[in-house]
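What follows is a short report on a single structure.
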Amino acid sequence: MRVADTIKRKTLGSLRGVFASQGQLDDLAFLAGQTAARQVRAMTKLRSLYDAEFRVSSQWGEDGIIEWLVHQLESVPETFIEFGVENYRESSTRFLLQHRNWRGLVIDGSRDHVDFIRKDRISWRHDLSAIASFITRENINSLISDAGFGGELGILSIDIDGVDYWVWEAITCVRPQIIIAEYNSAFGDLLPLTVPYASDFSRSRAHYSNLYYGLSIRAAEHLACKRGYKLVGTNRVGSNAFFVRNDRAADILGRLDVVEDRPSRFRESVGVDGKMTFTAPAKRASSLASLPVVDVSRDLQMTLEQAGPLFSPRWQVLLNGQLTPP
């Protein structure tokens, strides 16, 4: 999910008056990230996963969470795959690629975005493959295999703002130790819901609000459990869930006081006129009430309104900006 970060833009704008190039700004951010990474590695136990957060290239705090997970697990294959990276300036794996020098594959549906990645210095400095392709469940395994990836994998990051559940379900050619999956808080935290599959699904065309896409946190957990993974937590803003494969999960769960998932408070909704409406987080689901969703635990399609209550009392409290109930 791509949300404008005004503070970062203004800060970088002012720094450009001091530093001559984007490359120098990147180097400065990377240096700060290395310092943060050393601090995170020293944290042997956390209350919750998001306490490890810091941000260099990720949209939110995923850089820190990934650094902590990889350090705690040790012996993780130094390979990753990430979907939906746009031009890869802001992504979950960019700092990982630079800091730990892993081998990676990124896929985006835009040829312009991929051309940008290939011209970026990151493509010659590191072993990074970039592919331009619209991802479907029919082509995802061939895209991965044809790029030279298969079997054991360090990290798989899924964020295509669309039929994420169905694409993830279709992947059989790699066996990641860590999975990062974006979820849609508008679908709540009680039911395993996803948008129905369509090979040509487009978030911007599916509903004018731009809120109808992806899967609920429970749908992500449902599929992860079927595939042999455990939820270890989410980021603080409530957009990405982190799963660790069962054979490695004890190494992480034993270092966490609690495993928490959180709703987002994004207000990125738009109206029929294309202008921002800033719909309150607790009211997002009502704008999608008549749209179809699939309960993946029952393989049953219905409207979101027919699905029933969506939010637990804990999420309702969090959406209202209050402290987590005991």
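The values are calculated or read from the model by the stated rules, or taken from the named source; none is laboratory data. The model shown is predicted, which means the values in this text are computed figures rather than measured ones. Note that each Cβ is placed from the backbone with ideal geometry, even for glycine, and that neighbours are counted across all protein chains shown.
Can you work out which of the residues in segment 183-230 that are surrounded by fewer than 16 Cβ atoms within 10 Å (Cβ to Cβ) and of a type in the set (Lys, Arg) is nearest to VAL167 (Cα to Cα)? Here the residue is LYS226. Looking across segment 88-135, the residues that are polar (S, T, N, Q) and assigned to a helix (DSSP H, G or I) come down to GLN98, SER123. Of all the listed residues (SER185, SER142, SER133, SER157), the sole one being of a type in the set (Gly, Ala, Ser), within 18 Å of the chain's Cα centre (by Cα) and over 23 Å from SER269 (Cα atoms) is SER157.
Here's the yes/no breakdown for (1) of a type in the set (Phe, Trp, Tyr); (2) closer than 23 Å to ASP161 by Cβ; (3) touching a strand residue (DSSP E or B) at 6+ places or on another chain (Cβ under 8 Å):
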{"position": "ARG255", "(1), (2), (3)": "no, no, yes"}
{"position": "VAL259", "(1), (2), (3)": "no, no, yes"}
{"position": "SER269", "(1), (2), (3)": "no, yes, yes"}
{"position": "LYS275", "(1), (2), (3)": "no, yes, no"}
{"position": "PRO292", "(1), (2), (3)": "no, yes, yes"}
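Of all the listed residues (GLY23, GLY84), the sole one being modelled with pLDDT under 95, of a type outside the set (Lys, Arg) and crowded, with 20+ Cβ neighbours inside 10 Å is GLY84.
Of the residues that make up segment 284-295, is at least one under 16 Å from the mean Cα position of the chain (by Cα), acidic (Asp, Glu) and modelled with pLDDT of 95 or more? Give the steps one after another, and end with the answer.
Going through segment 284-295, the residues under 16 Å from the mean Cα position of the chain (by Cα) turn out to be none.
Scanning segment 284-295, I find no residue that is under 16 Å from the mean Cα position of the chain (by Cα), acidic (Asp, Glu) and modelled with pLDDT of 95 or more, so the answer is no.
Pairing residues of segment 272-283 that are under 21 Å from ASP189 (Cα atoms) and exposed (fewer than 10 other Cβ atoms within 10 Å of the Cβ) with residues that are of a type outside the set (S, T, N, Q) and at pLDDT below 90, at Cβ distances under 7 Å and at least 6 apart in sequence or on separate chains, gives no pairs at all. When you check VAL85 against the structure, is it touching a helix residue (DSSP H, G or I) at 6+ places or on another chain (Cβ under 8 Å), in a loop (DSSP other than H, G, I, E, B) and either of a type in the set (Asp, Glu) or within 30 Å of HIS113 (Cβ to Cβ) (or both), yes or no? For VAL85, the condition - touching a helix residue (DSSP H, G or I) at 6+ places or on another chain (Cβ under 8 Å), in a loop (DSSP other than H, G, I, E, B) and either of a type in the set (Asp, Glu) or within 30 Å of HIS113 (Cβ to Cβ) (or both) - is met. Among the residues of segment 46-55, those identified as surrounded by fewer than 23 Cβ atoms within 10 Å (Cβ to Cβ) and within 16 Å of the chain's Cα centre (by Cα) are TYR50, GLU53, PHE54, ARG55. Among residues of segment 71-95 that are within 24 Å of LEU25 (Cβ to Cβ) and without any contact (Cβ under 8 Å) to a residue 60 or more places away in the chain, those with a Cβ under 9 angstrom from a residue that is crowded, with 17+ Cβ neighbours inside 10 Å and of a type in the set (Phe, Trp, Tyr), sequence gap 6+ or separate chain, pair up as ASN87/PHE116; TYR88/PHE116; ARG89/PHE116; ARG94/TYR88. Of the residues in segment 108-126, at least one is within 30 Å of GLU221 (Cβ to Cβ) and either of a type in the set (Lys, Arg) or crowded, with 22+ Cβ neighbours inside 10 Å (or both).
Filtering segment 30-64 down to residues that are small (Gly, Ala, Ser), farther than 17 Å from ASN101 by Cβ and assigned to a helix (DSSP H, G or I), which residue is modelled with the lowest pLDDT? Break it down stepwise before answering.
Within segment 30-64, the first condition is being small (Gly, Ala, Ser), and the residues that meet it are 32-33, 36-37, 42, 48, 52, 57-58, 61, 64.
Applying the additional criterion that residues be farther than 17 Å from ASN101 by Cβ yields 32, 36, 42, 48, 52, 58, 61, 64.
Within this subset, residues satisfying the condition of being assigned to a helix (DSSP H, G or I) are 32, 36, 52, 64.
On the way: ALA32: 86, ALA36: 93, ALA52: 97, GLY64: 97.
Selected residue: ALA32.
Can you tell me which residue among GLU67, GLU78, GLU74 is over 14 Å from the mean Cα position of the chain (by Cα), at pLDDT below 95 and of a type outside the set (Val, Ile, Thr)? That would be GLU74, the only listed residue that is over 14 Å from the mean Cα position of the chain (by Cα), at pLDDT below 95 and of a type outside the set (Val, Ile, Thr).
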